[in-house]
1. Taking 1 over the mean of 1/r across every pair of different Cα atoms in the range 2-227, what Kirkwood radius in Å do you get?
2. Applying 1/(1 + (r/R0)^6) with R0 = 45 Å to the Cβ-Cβ distance of Trp114 and Ala403, what FRET efficiency is obtained, to the nearest 0.05?
3. From the C-alpha gyration tensor of the range 489-553, pull out the three semi-axes of the equivalent ellipsoid (sqrt of 5λ each), sorted largest to smallest, in whole Å.
4. Evaluate Rg over Rh across the range 102-158, taking Cα atoms for both radii and Kirkwood's formula for Rh.
5. Starting from the 7 Å offset along Cα-to-Cβ, what nm value, one decimal, do you get for the label separation of Glu177 and Arg616?
6. Specify, per residue and in Å³, the volume enclosed by the convex hull of the alpha carbon atoms belonging to the range 75-183.
7. What does the net charge come to around Phe358 if you take all other residues with beta carbon closer than 11 Å to its beta carbon, with K and R at +1 and D and E at -1?
8. Just to be sure I understand the curve: with the Debye formula and one point per C-alpha of the range 128-254, what is log10 I(q)/I(0) at q = 0.16 Å⁻¹?
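Any read-out appearing in this document is the output of simple, stated calculations on the displayed coordinates, not a laboratory observation. Just so it is clear, the model here is predicted, and its values are computed rather than measured. Glycine gets a Cβ as well: all are built from the backbone with ideal geometry, and neighbour counts include every protein chain shown.
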Amino acid sequence: MCGIAGILQPHQLNGNAHAVLRAMTDTLRHRGPDDSGVWMDEKAGIAMGHRRLSILDLSPAGHQPMVSGDGRYVITFNGEIYNFQALRRELESLQHVFHGHSDTEVLLAAVSQWGLEKAVERFNGMFAFALWDRQARTLSLGRDRLGEKPLYYGWTGGAFLCASELKALRAYPGFKEDIDRDVLTLFLRYGYIPAPYCIFRGFRKLPAGTLLTVRAGQTGAEPVPYWSLRDTAARGVADPYAGSEEDAVAHLDGLLREAVGLRMVADVPLGAFLSGGIDSSTVVALMQAQSSRPVKTFSIGFREGAYDEAKFASGVARHLGTDHTELYVSPAEAQAVIPRMPSLYDEPFADPSQIPTFLVSELARRQVTVSLSGDGGDEIFGGYNRYLLSRRIWNGIRWMPVAVRRGAGRALRALTPGAWDALFRQAGPVLPNSVAVQNPGDKLQKLAGVLTADHPGALYWGLVSLWKNPAGVVAGAVEPATVFSEAHYPAGLTDFLQQMMFMDAVTYLPDDILVKVDRASMGVSLEARVPILDHRVVEFAWRLPVSMKIRHGQGKWILRKVLERYVPRELTHRPKMGFGVPIDSWLRGPLRDWSETLLDERRLHADGFFDPRQIREKWAEHLSGRRNWQYLIWCILMFQAWLGERERLASVTERHRGSGVAGQGKG
């Protein structure tokens, strides 16, 4: 795993280009502490940099940037090609000669043999790369199918820039940190920034499964997909799996076993995260089944029972015979990492599970350099409770005419939640116990939002939204469209459950879950691998009927059946738990002073991004206990903390910047 950066400009590079690129890659030292490199062609205006976390071929033969055997291509590459050994054997039969045993060398040979697009279609891996074609004088960026590895890009001062993280781009002279207020509304709605959007105007995230090719001086180039989850879902629905349930379980077992086996190849110590849930337990079970020694497993525990999964993980570990390490973290220890989050995630990010994910990564890194993770099972096999909840809600209201639903929604919204609470308190003595509910005003406001949905996609969008009207909170902003708001589904995808899983797989999975895992693990120089997101597993899952994913009010049916081959059902059969922390009570208690500083009305006014009145109102309601606004407040806090860290980093970055290469002629 590594950090990459690149510069392409229409002018010859000047003498400072090497220092500038070195400064950019130095910001990515955490992604690659073992080695670094810079390659430049001054006349062509191209410079590429690399920070290396050595996983395969620890010798100098794995050094990057790397030049292809025929001399045509140069690459800076982040990630792993898991099937590189099979590709290498095929390429050797075609007379390719290899000098090391890294997957990067195989990648270059594959591109030389088959061309970029056909080569990438053959790769099974997680990756992001920048590839310079010395013959065509083009720079191509690529990202893996599901979006496990990040890549930002954009133009500034006539130069094209790319890097693994925004902090590297910010080290480039003349980079304009112009916050895009429109994109900020997306952050408030989702708690993350969905691709292709970026918090800085003029820059983008390369979408998963795409390639982007640019020439020096060219602007406005658009990514082109080489693999599409939309097409995968459409093909799966059109060609459903025809075998029996027993055959399907056996087939998935085989696919997952191979996916796990491929991800166990490493020249450094390897382990796995283990929460005791279905996904991580399946991954660890398949690892242990293919290992001659106990697999190293890691889990984080919390004393708060509602948030503690460590006890379940230890039971699975004992049964499988893993070398298990668990660490119980106090609230103070968990809260101590919060100030690191803005720098770690580099772009506003507000999933509170970022905290335990970082802690378990830090724990694992003490013993291993690579750790397998169980992420992806919920989106691919229907594991979220909200899928069933959304379907029940829609089935309960769909019979009502849209006009009637909207009228009822407006009527419910006519009174504030506080007013509804007051009415329920006054009516309490005459109401039967069966209608006594906590925070009735809050629930009625949510019901009002549901009633106004005119189709199931709109209902689900409302349920996964944090701030419901973020454009009304961000000054001078218009919310951009996303696949969620447009609700354009693949052809033939008419089942509401499948539609929800698709939306999560193209938004929440790459832009929240995988961002969280990448930044948390790479923040401690740990490589995280995600076998459930092997594209062959994903393609097979989309051929399965919903009944093999969600059954009897429970998700991941077929994944559970695979796991039952290795672990007794009683060890993992329990209600789903989120990998989170009690942010709601922390905000009212130990984090209150920190929060008050960031949410100070004068500070909000001075920053000029938000309507302070709405935020202070939510904060007061949360502190009073009348409402639980933890996720909405956490969004604001993470942005405010990111703003503060941005100001601090700006002064540090200036010290590393040279006089610049953008807009320079021959020097």
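1. On the way: mean 1/r = 0.0567 Å⁻¹.
Final number for the Kirkwood radius of the range 2-227 is 17.6 Å.
2. The calculated FRET efficiency here is 0.20.
3. Numbers: eigenvalues 151, 35, 24 Å².
Semi-axis lengths for the range 489-553 are 28, 13, 11 Å.
4. Rounded to two decimals, Rg over Rh is 0.99.
5. 2.7 nm
6. Normalising the Cα hull of the range 75-183 by residue number yields 134 Å³.
7. Values: positive: Arg340, Arg365, Lys516, Arg519; negative: Glu362.
Residues close to Phe358 contribute a combined charge of +3.
8. -0.87
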